[in-house]
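The values are calculated or read from the model by the stated rules, or taken from the named source; none is laboratory data. Only a predicted model underlies this, so the values are computations on that prediction, with no experimental measurement involved. Cβ placement follows ideal geometry from the backbone for every residue including glycine, while neighbour counts extend to all protein chains displayed. Note: accessible area is taken over every heavy atom of the protein model, side chains too, but ligands, DNA and RNA are not part of it. Shrake-Rupley method; radii C 1.70, N 1.55, O 1.52, S 1.80 Å.
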Amino acid sequence: MNTFSSKKEPIRVAVTGAAGNIGYALLFRIASGAMFGPDQPVALNLIEIEPGMKALAGVAMELDDCAFPLVTEIVQTDDLSVGFKDVDWALLVGSVPRKAGMERADLLGINGKVFVGQGKAINDNAKPSVRVLVVGNPCNTNALIAMKSAPDIPNEQFFAMTRLDENRAKTQLAQKAGVPVKEVSQLCVWGNHSPSMYPDFENAKIGRQKVTDVIQDQAWLRDTFVPVVGQRGKAIIDARGASSAASAANAVVDTVRDLSSPSHGEIHSVCVVSRGEYGTPEGIITSLPIRVDGAGQWRVMEGVKLSEYAKEKIAASNKELLEEREVAFGQLGLSIS
Ligand SMILES: NC(=O)c1ccc[n+]([C@@H]2O[C@H](COP(=O)([O-])OP(=O)(O)OC[C@H]3O[C@@H](n4cnc5c(N)ncnc54)[C@H](O)[C@@H]3O)[C@@H](O)[C@H]2O)c1
Ligand SMILES: O=C(O)C[C@H](O)C(=O)O
């Protein structure tokens, strides 16, 4: 269709850390229509801190030079009240990435306070219907901090990203089974975006078969697959000398696209605020199997059968989230209730 004649209102998307590595891989895909579809105009609010503004001007010049027909406006700012003004989506990417030798939780003290300010600014400036996806690590706890700092925005509109982990897990299983990755489905990563995450191979499928019927090597599934997925971020930092960027940006596109359209039977891993589903501690932001219905509402898939092994892995990851919350909220003076 001719996008110039589109009558659709633009979707306004804020991206923090827009001049960073993930930002550079993400913006061009949003602008090209990969996130919201080929006939949906987008307005981009690019947010950086002051030292990043010069590089951001260069990124904006490159966006201009693509002449993307869907882009209606590009805002560049280091002022959060401008950056989050009337946005439909806030993609919180900007924050310090971990370096070799660090765990994601080591970033708690460095990045946590950033999400207080961003949560408040979203609360005061974004559309009430705004949806917020946190990518900056430790993303689950940062999302919780942003959510607590935005009391007027419903908790259900805050998300953190484990789709990269789901995509990684699917590829590991496909390669082991010798099948194309599109054959792997119903794969949920549970818990924290940290090495403790649990990629649930017991409920996943390859074609119409259970993964465990196709890959019968339990030792490989438990002792190789699970840790390889949990440590994939570190493996990339060790190999590249920098944390994943293009694959992370791709997972942002996947997450937002799949939260914006009906799931048609597939599930996806998204960190959402727990209501106690499957025994998860209420109030944390943890990864659960999510489906979106025809009205665009997400919900946690019911009826997943978890083995004792799975329950133990998920409980351990959620315990880590409780500990992260205690440390971060203590440092920031936030109340858990
Ligand atoms: N959840 C995931 O699956 C996942 C995957 C990959 C990376 N990450 C995380 O994403 C974050 C960004 O990674 P990156 O590789 O793009 O890092 P980067 O260092 O390349 O870029 C970060 C950008 O954010 C900007 N920034 C820093 N503080 C900011 C703030 N308060 N407001 C706005 N912008 C700010 C910086 O100036 C920089 O341009 C890191 O925390 C990284 O660990 C998460
Ligand atoms: O591992 C990291 O620190 C970066 C990111 O969270 C990843 O999973 O690649």
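The table for this structure:
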{"quantity": "The one condition in (1) open to solvent by 30 Å² or more (accessible area, probe 1.4 Å); (2) charged (D, E, K, R); (3) near ligand 1 (Cβ under 9 Å from one of its atoms) that R98 fails to fulfil", "calculated": "(1)"}
{"quantity": "Criterion: outside any helix (DSSP H, G or I) and either modelled with pLDDT of 95 or more or under 15 Å from G136 (Cβ atoms) (or both) - qualifying residue of L46, L27", "calculated": "L46"}
{"quantity": "Conditions (1) of a type in the set (A, V, I, L, M); (2) in contact with a Lys or Arg (Cβ under 6 Å, 6 or more places away or on another chain); (3) surrounded by fewer than 18 Cβ atoms within 10 Å (Cβ to Cβ): number failed by A242", "calculated": "(2)"}
{"quantity": "Hey, L91 open to solvent by less than 40 Å² (accessible area, probe 1.4 Å) and either polar (S, T, N, Q) or more than 10 Å from ligand 1 (Cβ to nearest atom) (or both) or not", "calculated": "yes"}
{"quantity": "Test for N167: is it under 16 Å from the mean Cα position of the chain (by Cα) and not assigned by TED's automatic domain parsing to the domain that holds W89", "calculated": "yes"}
{"quantity": "Candidates P69, P38, filtered to the one that is more than 16 Å from ligand 2 (Cβ to nearest atom), loosely packed, with under 15 Cβ neighbours inside 10 Å, touching a residue at least 12 places away in the same chain (Cβ under 8 Å) and in a loop (DSSP other than H, G, I, E, B)", "calculated": "P38"}
{"quantity": "Cross-chain or 6+ apart pairs with Cβ under 6 Å, the stretch 217-243 first and within 9 Å of ligand 2 (Cβ to nearest atom), then charged (D, E, K, R) and assigned to a helix (DSSP H, G or I)", "calculated": "R232/R168"}
{"quantity": "Count of residues meeting criterion [within 15 Å of the chain's Cα centre (by Cα), hydroxyl-bearing (S, T, Y) and open to solvent by 10 Å² or more (accessible area, probe 1.4 Å)] in the stretch 245-292", "calculated": "2"}
{"quantity": "Among the candidates S260, S287, S243, S307, residue that is in contact with a strand residue (DSSP E or B) (Cβ under 6 Å, 6 or more places away or on another chain) and among the hydroxyl-bearing types (S, T, Y)", "calculated": "S287"}
{"quantity": "Residues located in the stretch 77-96, provided they are within 15 Å of the chain's Cα centre (by Cα), over 15 Å from M53 (Cα atoms) and assigned to a loop (DSSP other than H, G, I, E, B)", "calculated": "V93"}
{"quantity": "Flag if A14 is open to solvent by less than 10 Å² (accessible area, probe 1.4 Å), in contact (Cβ under 8 Å) with a residue 60 or more places away in the chain and either more than 10 Å from ligand 1 (Cβ to nearest atom) or not in a loop (DSSP other than H, G, I, E, B) (or both)", "calculated": "yes"}
{"quantity": "Single match in R104, R163, R168 (criterion: near ligand 1 (Cβ under 9 Å from one of its atoms), in contact with a Pro (Cβ under 9 Å, 6 or more places away or on another chain) and open to solvent by less than 40 Å² (accessible area, probe 1.4 Å))", "calculated": "R104"}
{"quantity": "S261 being of a type in the set (S, T, N, Q), in a loop (DSSP other than H, G, I, E, B) and touching a residue at least 12 places away in the same chain (Cβ under 8 Å)", "calculated": "yes"}
